[in-house]
1. Does Leu186 satisfy being assigned to a helix (DSSP H, G or I), modelled with pLDDT of 95 or more and either farther than 30 Å from Glu297 by Cα or open to solvent by 70 Å² or more (accessible area, probe 1.4 Å) (or both)?
2. Failed condition for Arg125, given (1) at pLDDT 75 or above; (2) part of a helix (DSSP H, G or I), with all others met?
3. Which one is most open to solvent (accessible area, probe 1.4 Å) among residues in segment 242-298 that are of a type in the set (Lys, Arg) and outside any loop (DSSP other than H, G, I, E, B)?
4. Being surrounded by 15 or more Cβ atoms within 10 Å (Cβ to Cβ) and either in a helix (DSSP H, G or I) or on the phi > 0 side of the Ramachandran plot (or both) is the filter here, so list the residues in segment 159-168 that pass it.
5. Of the numbered conditions (1) open to solvent by 40 Å² or more (accessible area, probe 1.4 Å); (2) under 25 Å from Tyr142 (Cβ atoms), Pro318 satisfies every one except a single condition; which is it?
6. Taking segment 338-365 on its own, how many of its residues are outside any helix (DSSP H, G or I) and exposed (fewer than 15 other Cβ atoms within 10 Å of the Cβ)?
7. How many residues are open to solvent by 10 Å² or more (accessible area, probe 1.4 Å) and within 18 Å of Ile85 (Cβ to Cβ) if we restrict to segment 45-58?
8. Can you report the number of residues in segment 4-38 which are surrounded by fewer than 16 Cβ atoms within 10 Å (Cβ to Cβ) and under 36 Å from the mean Cα position of the chain (by Cα)?
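The values are calculated or read from the model by the stated rules, or taken from the named source; none is laboratory data. All values reported here derive from a predicted model rather than from experimental measurement. Cβ placement follows ideal geometry from the backbone for every residue including glycine, while neighbour counts extend to all protein chains displayed. Ligands, DNA and RNA are stripped out before the accessible areas are found, and what is left, the full protein with its side chains, is counted by its heavy atoms. Shrake-Rupley method; radii C 1.70, N 1.55, O 1.52, S 1.80 Å.
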Amino acid sequence: MHGPVITVDVSKGINHYQGFENYEKAYTKSKKIKNTKSDFEEFMEYVEKLKVKTNVEDIPIVFEATGVYHRCFQAFLDDSKIPYIIISPLISARFRKLELHSNKTDPLDCKNIAKVFYLQENLYRFNKMDEYYINLQKLNRYYEDQLNHLRKQKVGFKSYLDVVFPYFDKCFDKGKIYNDLPLEILMKYPHPELVLQASEDKMVEYLLKKCNHQIGYVRNVVKKVRKLAEDVYSGCDKNGIEVQLLKQTIINLRYQIKICDEAIETIIQEANKSPNFEAVKSIVGIGDNLAARIIAELGDVTRFKKKNQLISYAGLDPMIRQSGNINGEHLSISKKGNKYLRCLLYQAISANYRLKKNDRLYEFNQKKRQQTVPLKPKAANTATAHKLLVIIYGMCKTGSLYES
């Protein structure tokens, strides 16, 4: 990049900004602004002065992505129709480490961001997405946050269960422990002694009223649980505090599961309105859930003029490390993009490989694992995720479905 630029170090409450006429010449020392209308007006005056000084009308603003802190400043730039570039903090940190004294201060950060602007290749101006895609992405981020809460609830649940009713989860298929039937059993009979105090018929009768299952299946489960209860040794008394905490954890767990289910249902309903939903869902290994979340993070594909821009956005572009004649372009990916999209693509490839449908993604993955210098499964999946994103980009551009 070349020409004038204004860099902004965004932080909580206070932002530092500094203008540069070119790589070697700063316009002024760094200045401070808050997220207020009066300070933003002061910033606009600064921008206009730099335009006059450099005789350049279109001066980009560059700042780091900082979670939520940059959102107010970004909204101001969008409303003011000012072009800007958002860079990853990882890129900025890499440039800062090149300095002999890599101190991190707000004024120095402005200079470091300017260095990124002038020296880093493949920086693209941010194109604001349509409100539909912005809201869809917010829904997905909310869902991801709720999933994290659900994972914590599951950890707490398992820790109490291992004390109160060891090996209870072995009575069910993998992952089925969080279904309605096992949770209902634990709510009513949370301790082995409580299971043995009730008759088999009484347990079956109660569970049939609470769960929508066939009597044969319920009775078979009850027999397994009772057999376990006869032999297992609990780590607490049936009236112990752990039993009460287990029941409370189940209540919290069920509530969190409901929140997650409602959230993903909303995302799917909204994503189904996207013209790209059916295209993404046509890929082997991708169902409604993954397709909706991928579209939520992908956003409006038309804002990417080239496929490499999308690859960089996902952080699947290669991290280049060269030394002499050694070219290290394909040793690892940068991971400097949208981690949510990157994770979802990896999940899609993992599902695709498990299905073994012999489509082109599976064959590409197999080829990477069986080449002269074979890649490990994780590296092969990552390479295939790169290919998947290129395929998605092409399908969204042409409006076509996946061809295996």
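1. Working: assigned to a helix (DSSP H, G or I): yes; modelled with pLDDT of 95 or more: yes; either farther than 30 Å from Glu297 by Cα or open to solvent by 70 Å² or more (accessible area, probe 1.4 Å) (or both): yes.
Yes, satisfied.
2. (2)
3. Applying the first criterion (of a type in the set (Lys, Arg)) to segment 242-298 yields 247, 254, 258, 273, 281, 293.
Filter again for outside any loop (DSSP other than H, G, I, E, B), leaving 247, 254, 258, 281, 293.
Details: Lys247: 60, Arg254: 82, Lys258: 119, Lys281: 66, Arg293: 17 Å².
Among those residues, the one meeting the criterion is Lys258.
4. The first filter runs over segment 159-168 and keeps only residues surrounded by 15 or more Cβ atoms within 10 Å (Cβ to Cβ), leaving 160-161, 163-166, 168.
Once the filter is applied, which keeps residues that are surrounded by 15 or more Cβ atoms within 10 Å (Cβ to Cβ) and either in a helix (DSSP H, G or I) or on the phi > 0 side of the Ramachandran plot (or both), segment 159-168 yields Tyr160, Leu161, Val163, Val164, Phe168.
5. It fails just one condition, (2).
6. Of all residues in segment 338-365, those outside any helix (DSSP H, G or I) come to 338, 356-359.
Pick out the ones that are also exposed (fewer than 15 other Cβ atoms within 10 Å of the Cβ) and you get 356-358.
Here the count works out to 3.
7. From segment 45-58, those open to solvent by 10 Å² or more (accessible area, probe 1.4 Å) are 45-46, 48-49, 51-58; that's our starting set.
Pick out the ones that are also within 18 Å of Ile85 (Cβ to Cβ) and you get 46, 51, 54, 56-58.
Of the residues in that region, 6 qualify.
8. Result for segment 4-38: 10.
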